1. Considering only the range 120-142, state which residues are closer than 28 Å to Leu73 by Cα and either charged (D, E, K, R) or not in a helix (DSSP H, G or I) (or both).
2. What pairs can you find where one residue is in the range 206-224 and closer than 16 Å to Lys155 by Cβ and in the same structural domain as Leu159 (by TED's automatic domain parsing), the other is in a helix (DSSP H, G or I) and of a type outside the set (Val, Ile, Thr), and their Cβ atoms are less than 6 Å apart, with a gap of 6+ or different chains?
3. Scan the range 39-67 for residues that are under 16 Å from Thr21 (Cβ atoms) and in a helix (DSSP H, G or I) and jot them down.
4. Restricting to the range 13-34, and then to whatever is modelled with pLDDT of 95 or more and surrounded by 14 or more Cβ atoms within 10 Å (Cβ to Cβ), can you tell me which residue is nearest to Asp111 (Cα to Cα)?
5. On the basis of being modelled with pLDDT of 95 or more and either assigned to a helix (DSSP H, G or I) or among the β-branched types (Val, Ile, Thr) (or both), does Leu70 make the cut?
6. Which members of the range 86-109 meet the condition of being surrounded by fewer than 17 Cβ atoms within 10 Å (Cβ to Cβ) and assigned to a loop (DSSP other than H, G, I, E, B)?
Amino acid sequence: MARRRIYPSETQNGPVEKLHTPLDLPRILNAFLSMLQTEGLEPISMRKIADFLGVKAASLYYHVKDKEHLIYLMGEKYRSEVELPGPELNWREGLRIWACNFRDTLKLYRDSVQIMNATFAPSPHRLAHIEFLYRVFAQQGFPDPQIPWYSSMLKTYVLGFVDEENRMLKRSIRRQEDAEASEDSAFSSLPEEKYPHLVRLAEYTASTDFDNEFAGGLQVLLDGFEAQLKAKK
C-alpha cells in the first residue's frame, strides 16, 4: 500500500505557512512600514527589506522599482488616511479640520515628514488634497494667484510643526522626560543682562504643550488669510 507523505507543520525556520507566503506588493509595503517604525527611513535599503522578508533582493523588483518607489507608495498611504472635510463647512473650519487631520496622521508614523517631503510626484491622493485646498480657497473668493501660495503655506506649517514636535519628543525620551526641565534651566541660567528676554521667557520657551501651540499657530495663519481676503475686497 502506498504511503501518504506527511508534511511537517513547522521547520527550524518557523511555520511552513510563513515560509510559503507569496510575495506581493502589500506584503512588501507592510515590511517597509514595520522597518520604518523600528529603524527609521535612512538605514533601510532594498537588501534589508529582502532580508526582513526572507527573500532575495531581486525578487522585490518585480513589484517595485526601488526604495524611492516605496517612499512614494508610503506617502500615498499616509495621504489616504487623512480625511477630507465635507463641503458643508465654512472655509476656516474646513481648513482647520484638514490641518488637524493631517497632523494626526503624520504623528502615527515615524519619519512621516521625511516620507512626505521625499517626492513631488502627482499621485492620486496628493492631487485630491491639493484640489480640496484649492476649492476651499477659490469658493471663498481668494484671488487665483494667492491660492497655490496659501495652500502651500498651510501644508508647510503642518509639516514643519510635526517635524519639530517629533524632534522634541525624541529628545524628551532620550533624556527620560527631563528635556523640558533641562532646557528651561539652560535658558534661565543665562546672563540676564545679555539675554533679558530669553531668561524672562524661559519657561515658555521650553513648553511642550503641542496641541495648544498647533491650534494657536493655525489660528494666526487663518487670521492672516482672512485679513488678506478682506484687504482685497
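The values are calculated or read from the model by the stated rules, or taken from the named source; none is laboratory data. This structure is a prediction, so every number in the text was calculated from the model and none was measured. Cβ: placed from backbone, ideal geometry, glycine included. Neighbour counts: every protein chain shown.
1. Scanning the range 120-142 gives Phe120, Ala121, Pro122, Ser123, Arg126, Glu131, Arg135.
2. From the range 206-224, the pairs are Phe214/Phe161; Leu218/Ala99; Leu221/Tyr157; Leu222/Arg92.
3. In the first step, residues of the range 39-67 are kept if they are under 16 Å from Thr21 (Cβ atoms); the result is 49-56, 59-60, 62-63.
Listed by number, the residues that qualify are Ile49, Ala50, Asp51, Phe52, Leu53, Ser59, Leu60.
4. Going through the qualifying residues, I end up with Leu33.
5. Values: modelled with pLDDT of 95 or more: yes; either assigned to a helix (DSSP H, G or I) or among the β-branched types (Val, Ile, Thr) (or both): yes.
It is true that Leu70 is modelled with pLDDT of 95 or more and either assigned to a helix (DSSP H, G or I) or among the β-branched types (Val, Ile, Thr) (or both).
6. Hits for the range 86-109 are Gly86, Pro87, Glu88, Leu89, Asn90, Leu108.
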